[in-house]
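Here the structure comes first, spelled out in structure tokens, and everything after it is commentary.
The values are calculated or read from the model by the stated rules, or taken from the named source; none is laboratory data. These numbers were taken from a predicted model, which means no experiment stands behind them. All Cβ positions, glycine included, derive from the backbone under ideal geometry; neighbour counts span all protein chains shown. Heads up: the accessible areas ignore ligands, DNA and RNA and are worked out on the full protein's heavy atoms, side chains in. Shrake-Rupley method; radii C 1.70, N 1.55, O 1.52, S 1.80 Å.
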Amino acid sequence: MAIRRPLARSELPVDTVSLARHLIGKAVVRELPEGVASGRIVETEAYVVGDAAGHAYRGMTRRNQSLYLERGHAYIYFAYGSSYMLNVSSETPGIGAGVLIRALEPLEGIPIMRLNRGVERLRDLARGPGRLAAALRIDRRLDGLDLCREGPLWLGCGDDEPGEIGRSIRIGISQDANRLLRFYLRDNPFVSGPRSLNE
DNA sequence: GTATGGATCGGCT
DNA sequence: GCCGATCCATACA
């Protein structure tokens with residue numbers, strides 16, 4: 001899988017839902033002092049314009065301002081007192097929307113991820129948004145970063161034909177909970193969530 | 001200033 | 001499957 005090239009911004013759909021689907025099979029690449037760690041995106045969720053579950057629903061604040069950047073920038077926040085979440089901004093500049101990256105299939109730097117997570121099991125290294133952020137040592141310092149150019153964190157080309165993509169409701173939200181805005185790779189063991197959502 | 005409730009995880013049953 | 005930990009951004013007084 002040729003990941004050693006950043007995704008060009010022009011390749012990214014402007015529309016949030018299209019972007020969430022498009023990112024399945026692409027790669028997240030993290031450059032660390034001790035080496036490169038990367039993974040293939042197997043699960044995403046769209047947080048669209050006017051979405052009551054979206055962090056931009058009530059307008060721009062200091063926390064969520066990265067959601068308003070041109071598509072392809074990182075929005076990173078801290079949730080539940082324990083986990084960082086990685087999002088990719090979508091839509092045109094000034095519009096607050098994005099795509100949550102929910103799970104990765106580890107590709108490169110698996111020993112680095114094991115150290116960052118303190119867990120051996122390959123399947124558990126980046127299955128879940130908090131876990132993948134920990135595996136790649138992602139925190140608020142990377143918030144606002146352009147993911148379409150090489151640097152500490154970027155989006156790489158992955159598969160054009162990743163496999164069959166499923167669609168379901170999103171996980172762990174209460175507002176606007178019934179919309180089918182979650183995308184995942186069918187039959188991939190690195191996808192998070194209950195079996196009932198992954199058929 | 002205080003209250004509140006998460007886009008979760010890991011451990012236990 | 002259930003529950004507690006943990007902390008910060010936000011909302012409101």
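Points worth noting:
- With respect to the conditions (1) farther than 22 Å from A:GLU108 by Cα; (2) assigned to a loop (DSSP other than H, G, I, E, B); (3) open to solvent by 30 Å² or more (accessible area, probe 1.4 Å), A:ARG4 falls short on a single one, namely (1).
- Taking the numbered list (1) part of a strand (DSSP E or B); (2) buried (at least 20 other Cβ atoms within 10 Å of the Cβ) in turn, A:GLU31 passes all entries but (2).
- In the range A:1-31, the residues that are modelled with pLDDT of 95 or more, under 28 Å from A:ARG117 (Cα atoms) and either of a type in the set (Phe, Trp, Tyr) or over 16 Å from the mean Cα position of the chain (by Cα) (or both): A:GLU31
- In the range A:165-199, the qualifying residues are those that are open to solvent by 70 Å² or more (accessible area, probe 1.4 Å), of a type in the set (Lys, Arg) and in a loop (DSSP other than H, G, I, E, B), and the one that is nearest to DNA strand C (Cβ to nearest atom) is A:ARG186.
- Residues being open to solvent by less than 50 Å² (accessible area, probe 1.4 Å), away from DNA strand C (no atom under 16 Å from the Cβ) and part of a loop (DSSP other than H, G, I, E, B) - total across the range A:34-61: 1
- Residue match in the range A:62-76 (condition: more than 23 Å from A:LEU136 (Cβ to Cβ) and either surrounded by fewer than 20 Cβ atoms within 10 Å (Cβ to Cβ) or more than 16 Å from DNA strand C (Cβ to nearest atom) (or both)): yes
- Among residues of the range A:118-129, those that are of a type in the set (Gly, Ala, Ser) and either more than 16 Å from DNA strand C (Cβ to nearest atom) or open to solvent by 20 Å² or more (accessible area, probe 1.4 Å) (or both), counted: 2
- The range A:107-141: number of residues that are more than 9 Å from DNA strand B (Cβ to nearest atom), hydrophobic (A, V, I, L, M, F, W, C) and free of Cβ contacts under 8 Å to residues at least 12 places away in the same chain: 1
- Qualifying residue in the range A:85-103 (condition: surrounded by fewer than 16 Cβ atoms within 10 Å (Cβ to Cβ), among the small types (Gly, Ala, Ser) and assigned to a strand (DSSP E or B)): no
- Of all residues in the range A:130-149, those satisfying the criterion of being open to solvent by less than 30 Å² (accessible area, probe 1.4 Å) and either aromatic (Phe, Trp, Tyr) or in a helix (DSSP H, G or I) (or both) are A:GLY130, A:LEU132, A:ALA133, A:ALA135, A:LEU142.
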